[in-house]
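Engineer: Dropping the structure in here first, questions after.
Any read-out appearing in this document is the output of simple, stated calculations on the displayed coordinates, not a laboratory observation. In this text, all values refer to a predicted model and were calculated from it rather than measured experimentally. Don't worry about glycine lacking a Cβ; one is built from the backbone with ideal geometry, like all the others, and counts go over all protein chains shown.
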Amino acid sequence: MPMLLKGSCRCGAVRFQVESHTPVPFMLCYCSICRKQQGGGGYAINLGGDSSTLKVEGEEHLGLYRAEIEDEERTHCEVSTGERRFCRECGSALWLYDPTWPELVHPFASAIDSELPKAPERVHLMLKYKASWVEPNIRDGDRTFDIYPEESIADWHKKRGLWVD
């Protein structure tokens, strides 16, 4: 049975829950969107969840942010398909949903109140876009990527025996 992740914003106006087969907080994203929206340490940690199981209390307090992206990979400014949800009352970042992958939702580990498993190793991604002041804490066994790894969140969990059925 998937793990039930329960989360909330700082002020408590929004509470949510979602089932996850991939609850290990292993992936640190250093892109400017994640860093600026919810990564005070210079990165954000995104989990994976089954979007059909997402239940929200306090939807009226939700805000929606879609980032404009312009970088070396894009010749002109594009609006991200990713829908980042946050609490309009306290500003807490809560989850990312992208209709490109409708079966998935990505709650931010920082918003999860449930006890999460400890990651045996970590993946540092989008290092190409990290802020100059950020000094990643790369441990033995961690993997690093300038952009994205080939291994998905699901594949990472399955390969390490951490997939929760």
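Engineer: Given the peptides 139-148, 46-55, 15-24, arrange them by the average over their residues of other C-beta atoms within 10 Å, most packed first. Spell out each step's value before the answer.
Structural biologist: Values: 139-148: 11.9, 46-55: 18.5, 15-24: 22.4.
The densest-packed peptide leads the list: 15-24, 46-55, 139-148.
Engineer: If we sort 75-81, 102-108 on the protection proxy, mean other Cβ atoms within 10 Å, highest first, what's the order? All intermediate terms of the calculation are to be shown ahead of the outcome.
Structural biologist: Numbers: 75-81: 10.3, 102-108: 19.7.
Per-residue Cβ counts within 10 Å, averaged per peptide and sorted highest first, yield 102-108, 75-81.
Engineer: Measuring from label point to label point, each 7 Å out along Cα→Cβ, what is the Cys90 to Ser32 span in nm?
Structural biologist: Between Cys90 and Ser32, the simple spin-label model gives 2.9 nm.
Engineer: Once a ≥ b ≥ c are taken as the square roots of the eigenvalues of the Cα gyration tensor of the range 55-126, is the result rounded (a/c under 1.5), prolate (a/b larger than b/c) or oblate (a/b not larger than b/c)? Mind dumping the intermediate values first?
Structural biologist: Details: a/c = 2.01, a/b = 1.19, b/c = 1.69.
Judged from the Cα gyration tensor, the range 55-126 comes out oblate (a/c at least 1.5, b/c at or above a/b).
Engineer: Provide the packing ranking of 88-98, 149-159, i.e. peptides ordered by the mean count of other C-beta atoms within 10 Å per residue, highest first.
Structural biologist: On the way: 88-98: 18.8, 149-159: 14.9.
For the peptides 88-98, 149-159, the packing ranking is 88-98, 149-159.
Engineer: When the label point is put 7 Å from the Cα of Cys11 along its Cα-to-beta-carbon vector, which residues of the range 41-81 have a backbone N closer than 20 Å?
Structural biologist: The answer is 56-66.
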